[in-house]
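We did not get these values from a lab; they are worked out from the coordinates using the rules stated. Quick caveat: nothing in here was measured; it's all calculated off a predicted structure. We place every Cβ from the backbone using ideal geometry, glycine too, and count neighbours over all the protein chains shown.
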Amino acid sequence: MDRFAPFFVAVKMARPDADIAILGGGCAGLSLARRLATSPVEDSVVVLEPRETYTDDRSWCFWAGLTHANSHLVAHVWPRWRFSTQSGGSATHERAGLCYQYVRSLDFYDDAREQIGRHAGVHLETGTRAQSVSKLANQYRIETDQGALSANAVIDTRPLPPDSPALLYQCFLGAEITHPRMRPEDAEIAGLMEAMASDADGFNFLYVLPLAPGRALIEVTRFAKRRIDPKALNDQLTAEIGRLHGSETEVIRTEAGVLPMGLTHSVPQPAGPQHVFAGLPGGALRQASGYAFQRIQTWADKCATSIASGHGVIGHPPEPKIRALMDRIFLHALRAHPERGADFFMAMAKRLSPDAFVRFMSDAATVGDKMNIVTALPPVPFLKAAWATLRAREVAA
Ligand SMILES: Cc1cc2nc3c(=O)[nH]c(=O)nc-3n(C[C@H](O)[C@H](O)[C@H](O)COP(=O)(O)OP(=O)(O)OC[C@H]3O[C@@H](n4cnc5c(N)ncnc54)[C@H](O)[C@@H]3O)c2cc1C
């Protein structure tokens with residue numbers, strides 16, 4: 001029997017099974033679904049998600065003031081954030097009223113599921129993998145491993161193929177550990193890019209988040225031309241934990257990711273105008289940083305508003321040309337000179353004020369911020385990188 005029978009009828013009928021089908025119940029899919037569930041929208045919405053159960057598989061960090069729409073989900077904030085190099089340089093940022101904030105994915109998933117559960121028209125179908133989307137006359141047909149369904153509009157957040165070609169891959173493995181050895185004064189500092197260095201595999205650093213007395217998240221992160229073997233990352237993480245925190249630590253949970261930075265292939269093609277991509281396949285990831293959470297929240301708000309006002313589903317806005325160009329030049333420079341990665345990031349950390357740095361990371365850099373970044377970075381590798389970017393015609397004119 002068709003798994004969707006309780007609320008979906010046969011796809012051949014003129015009336016679709018759902019007004020909106022969201023493929024993928026991760027960050028983007030659930031962000032939109034929970035907004036729709038708490039808005040006056042009357043459309044029927046189904047989220048298709050292969051997972052049967054949600055775990056604390058990642059943490060989302062971002063900069064924000066203390067009060068915002070997701071404040072209730074924030075598990076920790078740090079008033080300061082630090083950059084340091086293996087060779088001893090460091091820069092610490094602090095700005096009153098602005099914090100680096102941490103949301104546990106499981107808190108986010110639970111909150112979204114609770115809100116979705118309260119709305120009769122929004123359903124989360126776990127254990128369901130979408131396979132393909134095709135356009136019928138006025139609807140879309142979605143094939144899944146549990147049967148087919150139809151919808152008037154499709155939001156597609158299925159992950160990009162793992163082998164998506166990119167300028168660099170941000171590969172990371174982190175562990176939340178007990179009994180980290182930390183100085184009391186470090187408890188209020190998020191170690192954004194600690195011990196920056198480079199080796200044969202590229203540029204690397206540690207991400208260190210003190211979460212509570214006796215608990216921290218330690219992550220080894222690499223920007224490399226190729227995906228790093230998970231075992232190599234695991235060996236490095238184990239060694240770093242042993243070296244920095246001793247043998248008494250216990251691992252509570254781990255999280256890992258491979259984020260393609262600066263995609264070099266064309267984005268997936270929609271089956272029609274009401275089939276849009278969102279989340280990472282929709283361009284949510286900031287090319288040069290790998291941050292996406294806040295961009296996804298902004299998109300989810302706008303998309304829900306567009307649906308509520310009868311304008312249909314929308315994807316992420318196109319990246320502004322100057323930002324896209326600067327990000328790609330940065331990635332080209334880092335790709336060509338991983339050994340200078342620490343210099344590049346330290347130059348930015350030292351030249352930009354904390355405000356300007358956060359504006360840059362949060363897509364709100366001013367013209368002055370951009371000028372400061374350009375003048376802070378060493379000209380020769382960046383002029384070469386600019387030439388490589390323009391020659392590859394990577395940013396549409
Ligand atoms: C470990 C980790 C930590 C991160 N930390 C940060 C951070 O601190 N700050 C930040 O801004 N960004 C961070 N990111 C980047 C980004 O915010 C996340 O990757 C975010 O989860 C992207 O949202 P998404 O919805 O595109 O993808 P996901 O959240 O991965 O959701 C995709 C969903 O699609 C489902 N799916 C897979 N195949 C199918 C299918 N065939 N049919 C239907 N559904 C399918 C998956 O199960 C998943 O639930 C992090 C990424 C990772 C991996």
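Contact order normalised by length for the chain, with contacts defined as Cα pairs under 8 Å and 6 or more residues apart; what percent is it?
Numbers: 768 pairs, mean separation 71.3, N = 397.
Computed value for the chain: 18 percent relative contact order.
Based on the mean of other beta carbon atoms within 10 Å per residue, what is the order of 300-306, 26-32, 160-166, most packed first?
Numbers: 300-306: 18.4, 26-32: 26.6, 160-166: 13.9.
Put in order of decreasing packing, that is 26-32, 300-306, 160-166.
Loop sites only, by DSSP: take the GluC sites (Glu not before Pro) in the chain that have at most 11 other C-beta atoms within 10 Å and name the longest stretch containing none of them. List each step's numbers first, then the result.
Working: sites that count: E42, E52, E248, E250.
Between the exposed loop sites, the longest stretch runs 53-247.
Considering all alpha-carbon pairs of the range 321-391, what whole percent are spaced by more than 16 angstrom? Walk me through the intermediate numbers first.
Details: 1105 of 2485 pairs.
Of the Cα pairs, 44 percent sit more than 16 Å apart.
Quick one: check the C-alpha center-to-center distance for the range 117-143 versus the range 315-343, whole angstrom.
That distance is 35 Å.
Nearest 500 deg cm²/dmol is fine: what mean residue ellipticity at 222 nm does the chain get from its DSSP H runs of n ≥ 4 alone, each adding -39,500 (n - 2.57), divided by its residue count?
On the way: 9 runs with 114 residues, N = 397.
Dividing the helical sum by the residues of the chain leaves -9000 deg cm²/dmol.
Anyone know which of M361, M196, M371 comes out most mobile in the 10 Å Cα GNM of the chain?
M371
With +1 on the Cβ of every Lys and Arg and -1 on the Cβ of every Asp and Glu, and nothing else charged, how large is the dipole of the chain about its Cα centre, in debye rounded to the nearest 20?
It comes to approximately 1180 debye.
When the gyration tensor of the chain is built from Cα positions, what are the square roots of 5 times its three eigenvalues, in whole Å, from largest to smallest?
Its equivalent ellipsoid spans semi-axes of 37, 25, 20 Å.
I need to check one value: relative contact order of the range 110-164, counting alpha carbon pairs closer than 8 Å and at least 6 residues apart, in percent.
Numbers: 49 pairs, mean separation 10.8, N = 55.
Relative contact order comes out at 20 percent.
Could you let me know the centre-to-centre spacing of the range 26-89 and the range 96-110, using Cα atoms, in angstrom?
7 Å
Long-range amide H contacts for Y102: which residues qualify at under 5 Å (H placed 1.01 Å from N, peptide plane, sequence gap of 5 or more or a different chain)?
A75, H76
For the chain, modelled as a GNM with alpha-carbon contacts under 10 angstrom, which of H337, H179, H265 fluctuates the most?
Largest GNM mean-square fluctuation: H265.
Starting from the Cα of A212, step 7 Å along the direction of its Cβ; do the same at E143; then give the gap between the two resulting points in nm.
4.7 nm
Calculate how steeply helix 293-308 sits against the longest principal axis of the alpha-carbon atoms of the chain, using the helix alpha-carbon long axis, and give the answer as 0 to 90 degrees to the nearest 10.
Helix 293-308 sits at roughly 20 degrees to that axis.
With springs only between Cα atoms under 10 Å, which of G312, G24, G88 fluctuates most in a Gaussian network model of the chain?
Most flexible of the set in this elastic network: G88.
If the only charges are +1 at each Lys and Arg Cβ and -1 at each Asp and Glu Cβ, what is the size of the charge dipole of the range 132-244 around the Cα centre, to the nearest 20 debye? List each step's numbers first, then the result.
Values: 12 positive and 15 negative charges, 56 e Å.
The calculation lands at about 280 debye.
Take the Cβ-Cβ distance between I322 and R226 as r, set R0 to 25 Å, and report the resulting FRET efficiency rounded to the nearest 0.05.
Values: r = 29 Å, r/R0 = 1.17.
About 0.30, to the nearest 0.05.
Given Cα pairs under 8 Å that are at least 6 residues apart, what percent is the relative contact order of the range 3-154?
Result for the range 3-154 is 33 percent.
Between V380 and R181, what is the label-point separation in nm under the 7 Å Cα-to-beta-carbon projection?
Inter-label distance under the simple model: 4.0 nm.
Taking the Cβ-Cβ separation of D111 and S306 as r and a Förster radius of 22 Å, what is the calculated FRET efficiency to the nearest 0.05?
0.45
Longer than 22 Å from Cα to Cα, which of K321/K384; K135/K302; K225/K321 are they? Say none if no pair is.
Details: K321/K384 19 Å; K135/K302 25 Å; K225/K321 24 Å.
Beyond 22 Å between Cα atoms: K135/K302; K225/K321.
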